[in-house]
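Notes follow once the structure below has been shown.
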Amino acid sequence: MGCFAGRFGRVEPRRAAGQFVTGLLADIEVKTCWQLAEQAGHARPDAMQRLLYRAVWDADAVRDDLRELITGRFGAPDAVLAVDETGDLKKGMHTVGVQRQYTGTAGRIENSQVGVFLGYAGADGHTLIDRRVYLPASWTDDRDRCQAAGVPDDIEFATKPELAAEMITAALDAGVPAGWVAADEAYGNSAAFRAGLREHEIGYVLAVSCSHLVPLDGGKTRIRADQVAADLPASAWQRRSAGAGSKGPRFYDWAWLDDVCTDADPDDGGRHSLLIRRNITTGELAFYRCWTPQPATLAQLVRVAGIRWSIEESFQAAKSQVGLDQHQVRRWDSWHRFTTLALAALAVLAICAADAADQDHADTGLIKLTVNEIRRLINACIIHPISDLAHRLQWSGWRRRHQARARRAHYTRRLNLELQP
């Protein structure tokens with residue numbers, strides 16, 4: 001709370017915001033205003049509801065302070081900005097942005113609300129730093145419906161890549177240190193999104209679909225990405241790790257067509273390329289359009305492609321640990337306020353985990369403290385101090401030691417399998 005406490009002009013909303021973030025970190029099953037008020041010891045949920053609805057404070061200003069705190073802790077020149085969306089299943093039609101639409105949360109078309117998020121993966125940690133609610137055309141074309149949900153009159157329809165571009169531009173304009181952008185096919189297939197990144201002179205590794213037409217020979221020839229992969233000789237593939245996963249190094253076969261895909265101004269001063277990833281076990285292919293303002297190596301591009309998954313990990317932690325998807329709000333301001341406070345709670349966990357890793361230099365036979373374990377310890381030591389703290393700490397150590405043994409076994413088994421030719 002210290003980084004943005006000054007954004008609240010009155011003591012009541014400032015105190016409620018602190019209790020709200022504490023409640024999101026607490027070990028309670030559901031994290032709506034009612035449960036958070038009960039957790040804080042309130043007799044009624046009014047203070048929490050007022051915080052999200054009528055209280056005077058700027059969620060975007062709090063977001064800016066939070067972003068500065070996170071990049072001050074994790075900032076690095078080669079940090080990666082990762083964009084993606086996530087959906088929350090909803091009932092009814094009055095919650096801002098809700099309609100029947102595809103959401104990866106369900107893996108199908110459902111009545112849902114979709115938010116586009118910006119993640120930051122830096123030197124020794126990653127978390128979410130910005131958010132936008134996606135308003136489908138069915139909303140922006142119905143101004144009465146927008147007005148009922150508190151949507152500002154100047155908000156017009158924007159695609160998900162356009163929302164992502166807005167967040168990236170805002171971050172770079174604010175001086176966020178970053179050298180790369182990573183995203184999935186929904187963003188990589190957008191020529192306008194790619195062009196916008198080149199204008200910012202920031203490198204990118206963006207997934208594209210298998211049917212994406214790859215411009216070769218200065219754009220004179222366009223070939224499907226999967227056809228390009230089919231025509232490659234066996235010698236074109238190299239086995240490299242995309243980073244450590246929960247079960248060990250994530251080895252894939254990679255092919256890199258350097259200095260191709262020039263479908264933009266040939267004088268843009270950068271280097272275009274196509275990166276292809278092949279799953280060692282299944283043979284499944286993934287394709288990436290890449291651009292760098294300066295020459296890059298295959299190892300750099302593979303690293304960025306692997307880091308994109310950090311935003312998926314942040315979504316999982318945000319939903320399972322701080323209730324990102326548990327809001328029960330309908331209005332525009334309320335969604336942004338709840339989501340911003342959830343990002344603040346997630347930042348607490350990410351920064352605490354990074355600080356604990358920095359302090360743990362000894363080989364103790366334990367895995368590093370995860371955000372899940374950090375939240376358990378925050379509850380045991382701060383939110384709900386227990387009398388037998390030694391017992392809780394003993395269990396924490398047992399879990400981490402058991403997980404370390406399981407990880408070593410997974411690493412050994414996977415390494416032996418994936419290093420086979």
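The values are calculated or read from the model by the stated rules, or taken from the named source; none is laboratory data. Keep in mind it's a predicted model, so treat the numbers as computed, not measured. Cβ sites come from the backbone with ideal geometry, for glycine too, and all protein chains shown count toward neighbours. For the accessible areas, the whole protein counts, side chains as well, though only heavy atoms, and no ligand, DNA or RNA atoms are used. Shrake-Rupley method; radii C 1.70, N 1.55, O 1.52, S 1.80 Å.
Phi angles across region 317-326 convert, under the Karplus curve 6.51 cos²θ - 1.76 cosθ + 1.60 with θ = phi - 60°, into 3J(HN,Hα) values of 5, 5, 7, 7, 10, 10, x, 3, 9, 9 Hz, Gly and Pro given as x. If r is the Cβ-Cβ distance from residue 381 to residue 106 and R0 is 35 Å, what FRET efficiency results, to the nearest 0.05? So, using R0 = 35 Å, E works out to roughly 0.45. Within the accessible area of the chain, the carbon and sulfur atoms contribute 50%, probe 1.4 Å, all protein chains present.
Taking Cα atoms only, the orientation of helix 332-359 departs from the longest principal axis of the chain by about 80 degrees.
Taking all protein chains as they are arranged and a probe of 1.4 Å, the heavy atoms of residue 224 leave approximately 100 Å² accessible to solvent.
Counting only residues at least eight positions apart within a chain, or on another chain, the aspartates and glutamates with an alpha carbon under 12 Å from that of residue 220 are 263. Among all the lysines, which ones have a C-alpha under 18 Å from residue 368's C-alpha, if same-chain residues fewer than 8 places away are not counted? Reachable lysines: 247.
Extent of region 1-61 along its three principal axes (Cα atoms, max minus min coordinate, largest first): 29, 21, 18 Å.
Bridgeable lysines around residue 319 (alpha carbons under 20 Å apart, same-chain partners fewer than 8 residues away excluded): 31, 90, 91.
Accessible surface computed residue by residue for the chain, with neighbouring protein chains in place and a 1.4 Å probe, gives 48 Å² per residue.
With springs only between Cα atoms under 10 Å apart, run a GNM on the chain and tell me which of 394, 113, 39 wobbles the most. Greatest mean-square fluctuation among the candidates belongs to 394.
Angle of helix 389-418 to the longest C-alpha principal axis of the chain, folded into 0 to 90 degrees and rounded to 10: 10°.
Show that you can apply the helix-only estimate: for the chain, add -39,500 (n - 2.57) for every DSSP H stretch of four or more residues, divide by all residues, and state [θ] at 222 nm to the nearest 500.
Calculated at 222 nm, the ellipticity per residue is -13000 deg cm²/dmol.
Principal semi-axes of the equivalent ellipsoid, √(5λ) from the alpha carbon gyration tensor of region 60-198, are 28, 16, 15 Å from largest down. So how tilted is helix 59-74 from the main axis of the chain? Cα-based, degrees 0 to 90, rounded to 10. Compared with the principal axis, the helix lies near 60 degrees. Separation of region 10-62 from region 71-97 is 21 Å, based on Cα centroids.
When peptides 157-167, 139-149 are sorted by average Cβ neighbour count within 10 Å, with the highest value leading, the order is 157-167, 139-149.
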